[in-house]
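Beneath this line is the structure, given in structure tokens, with notes to follow.
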Amino acid sequence: METTFDMGGIPRTLELKRDERGVLLEYIDQRKLPDELVFVETRDWMQVVDAIKTLAVRGAPAIGVAGAAALAVYAGNGGTREGFDGMAERVAEARPTAVNLRWAVDRARRHVEGAEWADVPEMLYALVIEMEEEDERTNRTMGAWGAELLGSGARVLTHCNAGSLATCYYGTALGVVYRAAELGKVARVFADETRPVGQGARLTVWELSRAGIPTTLICDNMAAALMAKGEVDAVIVGADRIARNGDFANKIGTYGLAVNAREHGIPFYVAAPVSTIDASTASGDEIVIEQRDASEVLPRPIEGVDVWNPAFDVTPARFVTKFITEKGVHDPDDLPVG
Ligand code: MRU
């Protein structure tokens, strides 16, 4: 049965705005969730870079649009043509793994190539607004494709936050859940806590509870036991970069989930826009994995103890049942590579 599904409780992740003083980006500071819902406004492109690096804005599609927005903020507040390329490069390099960031910054640069500098602020502003709308459209289309893969009463396990907060609105993996919930198909979502930063524990459960979806939070090391008990019908995750051969990078812990899902005969789906597929990356071996600060894992250092803290891992294509993009549902060896 189709129900009216209320996304109203989840605010937009980021929005480019303008007033008489220039262009500003408003974003949710995701570091403060779930304790506080804080909206930040900035007219400073360097603050946008900082927000991306510190995970105030995070999730592959969201950092892509935020990156393009940084260029619009620069141009719309007195930035110069001379400084443009250098600043754009610094934005694109803010985080290395999610290809969406480089993709969006390059798209914005190409969009204004050869234009009069006087026209650039307006052109970039309009482009970012278009990207925000396109992101939501893409996610809703992906959600509709993905929802068809789920049976009624589905119990879905997800990792990290590939929800509305990881995009401008609606989400990728959780977009599938939202559409399936609208169709009355979702019995429960199990959210992995997602150590060390806790995107599942802090963000996914926050947005699922706002959306009124029955949610159970589990620690990452509980997923295999849950699968063994027969409690999981499907695993759905997002992606930060998909190589040509279908290997993909996503939040650390995804690979282990995929192996466990295979062992237990549970379908493993990856929902991501076509912009996450990187035609220039042949296989997962070529994906640069971001290493983050040791303090995320060990807040108080212990003498003689080192920390390994990769933000992402690579799951080989053979563990993926289907990829879901805005173009449809694909086998790993039949991706819509542009
Ligand atoms: O480090 P984060 O929080 O940016 O990592 C995010 C993820 O790994 C998501 O699963 C991925 O970006 C897909 S989001 C639609």
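Rule-based calculations on the coordinates, nothing more; no lab input. Quick caveat: nothing in here was measured; it's all calculated off a predicted structure. Note that each Cβ is placed from the backbone with ideal geometry, even for glycine, and that neighbours are counted across all protein chains shown.
A few remarks follow.
- Sequence-distant residues sharing a close amide H with Ala162 (under 5 Å, placed H): Leu174
- When the square roots of the Cα gyration tensor eigenvalues are ordered a ≥ b ≥ c, the ratio a/c for the range 179-338 is 1.5 or more and a/b does not exceed b/c, which makes its shape oblate.
- Length-normalised contact order of the range 146-330 in % [C-alpha pairs under 8 Å, at least 6 apart]: 21
- Unit charges at the beta carbon, dipole of the range 146-330: most positive-side option, Ala223, Gly146, Thr158: Gly146
- Here the Karplus curve 6.51 cos²θ - 1.76 cosθ + 1.60, taken at θ = phi - 60°, turns the phi angles of the range 257-274 into couplings of 4, 5, 5, 5, 4, 4, 4, 9, x, 9, x, 10, 10, 10, 10, 7, x, 4 Hz, with x standing for Gly and Pro.
- Alpha-carbon centroid distance for the pair the range 124-157 / the range 203-220, whole angstrom: 18
- Taking the chain and dividing mean pair separation by its residue count, relative contact order in percent (alpha carbons under 8 Å, at least six apart): 17
- In summary, the chain shows an alpha-carbon radius of gyration equal to 0.97 times the 2.2 N^0.38 Å reference for compact globular proteins.
- Near Met46, once Lys and Arg are set to +1 and Asp and Glu to -1 for all other residues with Cβ below 12 Å from its Cβ, the sum equals +1.
- The relative contact order of the range 236-323, computed from alpha carbon pairs under 8 Å that lie at least 6 residues apart in sequence, is 44 percent.
- The magnitude of the dipole of the range 7-137, with charges of +1 and -1 set on the Cβ of Lys/Arg and Asp/Glu and taken from the Cα centre, is near 400 debye.
- For the range 7-137, the percent of C-alpha pairs falling in each 5 Å distance bin, counted from 0 to the bin holding the largest distance, reads 2, 11, 23, 25, 21, 11, 4, 2, 0, 0.
- Charge dipole (the chain, unit charges on Cβ, about Cα centre) - positive-most of Leu37, Val274, Thr194: Thr194
- Protection proxy ranking, highest mean first, for peptides 237-246, 60-69: 60-69, 237-246, where packing is the per-residue count of other beta-carbon atoms within 10 Å, averaged.
- Surrounding net charge for Asp35, when Lys and Arg each add one and Asp and Glu each subtract one, Cβ distance under 13 Å: +1
- Packing-based order for 325-335, 192-202, using average beta carbon neighbours within 10 Å, highest first: 192-202, 325-335
- Cut-off 12 Å between beta-carbons: net charge of the residues surrounding Glu132, Lys and Arg +1, Asp and Glu -1: -4
- When DSSP beta bridges are restricted to pairs lying wholly in the range 152-275, around 10% turn out antiparallel.
- Calculated on the alpha-carbon coordinates, the convex hull of the range 97-170 measures out at 107 cubic angstrom per residue.
- Karplus-derived HN-Hα couplings along the range 300-314 (A = 6.51, B = -1.76, C = 1.60, θ = phi - 60°), whole Hz, x at Gly and Pro: 10, x, 10, 3, x, 10, 8, 10, 10, 9, x, 6, 9, 10, 10
- Distant-in-sequence amide contacts of Leu183, defined by a placed amide H-H separation under 5 Å and a gap of 5 or more residues or a different chain, comprise Thr3.
- Compactness index (Cα Rg / 2.2 N^0.38 Å), the range 32-72: 1.14
- The helix-based estimate of mean residue ellipticity at 222 nm for the chain, built from -39,500 (n - 2.57) per DSSP H run of four or more residues and divided by its residue count, is -10500 deg cm²/dmol to the nearest 500.
- Across the options Ala92, Ile129, Tyr170, the greatest Cα extent toward the positive end of the charge dipole of the chain (unit charges at beta carbon of Lys, Arg, Asp, Glu) belongs to Tyr170.
- Tail beyond 20 Å, pair distance distribution of the range 22-96 (Cα, percent): 26
- Distance from the alpha carbon centroid of the range 65-104 to that of the range 234-271 works out to 30 angstrom.
- Charge dipole of the chain (Cα centre as origin; +1 on each Lys and Arg Cβ, -1 on each Asp and Glu Cβ, all else neutral): 660 debye, rounded to the nearest 20.
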